1. If you take the residues in segment 227-240 that are out of contact with any Leu (no Cβ under 8 Å at 6 or more places or on another chain) and of a type in the set (A, V, I, L, M), which one is modelled with the highest pLDDT?
2. Kindly list, by first and then second residue, each pair from a residue in segment 251-264 that is without any contact (Cβ under 8 Å) to a residue 40 or more places away in the chain to a residue that is assigned to a helix (DSSP H, G or I), limited to pairs with Cβ atoms under 8 Å and residues at least 6 apart or on different chains.
3. Got a sec? Which helices (runs of 4 or more DSSP H) wholly within segment 197-301 have at least 3 residues that are closer than 16 Å to residue 120 by Cα and under 22 Å from the mean Cα position of the chain (by Cα)?
4. Using the structure shown, decide if residue 353 is of a type outside the set (D, E, K, R), in contact (Cβ under 8 Å) with a residue 60 or more places away in the chain and assigned to a strand (DSSP E or B).
5. Taking segment 241-254, which residues are out of contact with any Leu (no Cβ under 8 Å at 6 or more places or on another chain) and either among the aliphatic types (A, V, I, L, M) or more than 24 Å from residue 63 (Cα to Cα) (or both)?
6. Give the number of residues within segment 97-150 that are assigned to a strand (DSSP E or B) and under 26 Å from residue 181 (Cβ atoms).
7. Residue 330 fails exactly one of the following numbered conditions: (1) in contact (Cβ under 8 Å) with a residue 12 or more places away in the chain; (2) under 22 Å from residue 218 (Cα atoms). What is the number of that condition?
8. Any idea which of 214, 197 is β-branched (Val, Ile, Thr), modelled with pLDDT under 95 and assigned by TED's automatic domain parsing to the domain that holds residue 125?
Amino acid sequence: MPTADTDLASIPDTVAAVRATFDSGRTRSLAWRHRQLDGLLQLLEVHRDELIDALHQDVGKPRPEAHFTDIGTTATDLKHLRKHVATWMKPRKAKLRLQDRPGRGRIQPEPLGVGLVISPWNYPVQLALGPLGAVFAAGNTAVFKPSELAPATAAVLARRLPEHLDPDAIAVIEGGPAVSTALLEERFDHIFFTGSTAVGRVVAQAAAKHLTPTLLELGGKSPVIVVPEVNLDITAKRLAWGKGLNAGQTCIAPDYVLVDRRHQGELVERLVSAIGQFYGSDPSTSADLAQVVNERHAERLTKLLADHGGTVACGGEVNPTTRKLAPTVIVDPDPASPLMQEEIFGPILPVLAVDDVDEAIAFVNGRPKPLALYAFTDDRSLSDRVIDRTSSGGVCVNHVMFHIGPPDLPFGGVGEAGHGRYHGQAGFDALSNLKPVYTRPVHPDLSLIYPPYTKLKTKLLTR
């Protein structure tokens with residue numbers, strides 16, 4: 001199917017054509033699903049350099065970082081889907097109660113139909129092909145809208161996806177908010193959206209009109225709790241890496257740090273040192289630091305650096321030509337400031353002092369549930385206390401962001417951070433209807449359930 005342009009009038013016909021492909025029944029076979037997953041893997045392999053060039057053009061991603069975050073990680077996830085989809089699509093035996101026998105029960109996964117995937121700009125390959133992999137593994141067709149804020153990558157995907165996939169089973173529709181709005185007027189069988197909480201609400205409202213199930217991967221302020229008796233040097237390096245990766249433009253990036261008051265100064269010193277080691281004396285000129293995506297986001301981050309009420313330990317320099325913001329550490333900002341109220345989504349890391357882990361837990365629980373939570377401690381009982389007494393989409397102990405790597409760990413949000421989970425079988429199940437099937441033999445035919453309800457039948461039934 002040719003890539004659809006931004007002509008809004010063509011969108012209903014485009015969606016109808018993709019639905020006709022699904023209705024034909026050809027997407028249900030294992031062979032078809034394997035071919036689509038193989039096609040996505042071939043796209044990553046054959047057009048790796050083209051994709052990496054586009055990522056560098058869109059957000060200035062360092063090439064090793066682009067390969068690690070968008071190419072290699074995505075390929076690993078797709079290979080996992082390819083390996084296991086044959087098992088996941090088989091009927092799953094269900095246990096029956098004594099009163100359900102003689103009979104048999106099973107859970108039959110079936111494709112939902114046509115999925116709409118709306119991907120973001122920050123990881124425009126990973127967060128496009130990962131969801132599309134789940135859509136195709138489950139036997140669905142797809143309408144895909146890449147982010148207009150990563151135009152070079154969107155163009156490559158629009159051109160190459162139909163070359164490597166069943167061209168009648170996918171439509172790539174490029175454009176801005178008007179295109180998204182028009183797409184959301186259509187009826188889909190599932191909507192997979194990754195982006196901000198504000199836009200996620202719009203998607204959820206539009207989906208409600210058709211009672212369409214959604215998988216919303218949103219964001220929020222992902223906290224870090226640093227407890228005493230932990231290696232502060234390694235902790236600082238891992239935090240600096242997580243905050244600098246993709247210039248902090250990651251939905252699960254560490255958003256702020258709560259550290260025991262006795263160790264705050266030392267942690268801040270180690271953070272400043274790690275940032276210098278990674279990005280040099282002038283990080284705003286470093287080739288290893290990605291760009292802020294556009295001027296609007298650069299201005300937003302610049303405003304967050306004003307009137308926060310804290311002390312800048314390092315960073316804050318902005319290169320207006322390259323849109324690079326030096327990784328910035330801010331000590332004890334005002335918790336009521338915009339810096340501490342809004343998702344930062346940039347290379348700015350507030351570090352706040354707390355008296356103990358219980359104060360840190362109370363601070364986290366007083367705010368919306370985050371997409372990710374990080375705990376740094378060598379004390380298992382303390383990390384368990386943090387995990388048990390807080391709620392978040394996911395938790396990573398003694399590192400940041402690595403919890404989204406293992407394909408068998410479902411990834412998703414809770415509360416304002418989103419809902420629904422994917423990666424591995426979780427993605428397959430999310431894009432499938434897990435249909436229960438119960439089969440009972442014709443004989444014996446138990447007359448106990450039929451009227452008239454005699455005293456004996458009533459006695460037996462109520463037991």
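The values are calculated or read from the model by the stated rules, or taken from the named source; none is laboratory data. The structure presented is a predicted model; accordingly, all values stated were derived computationally and were not measured. Please note: Cβ atoms are built from the backbone with ideal geometry, for glycine as well, and neighbour counts cover all protein chains shown.
1. Per the stated criteria, the residue is 234.
2. 263/232
3. Per the criteria, 197-209.
4. yes
5. Answer for segment 241-254, where residues must be out of contact with any Leu (no Cβ under 8 Å at 6 or more places or on another chain) and either among the aliphatic types (A, V, I, L, M) or more than 24 Å from residue 63 (Cα to Cα) (or both): just 245.
6. Looking only at that region, the number is 10.
7. (2)
8. 197
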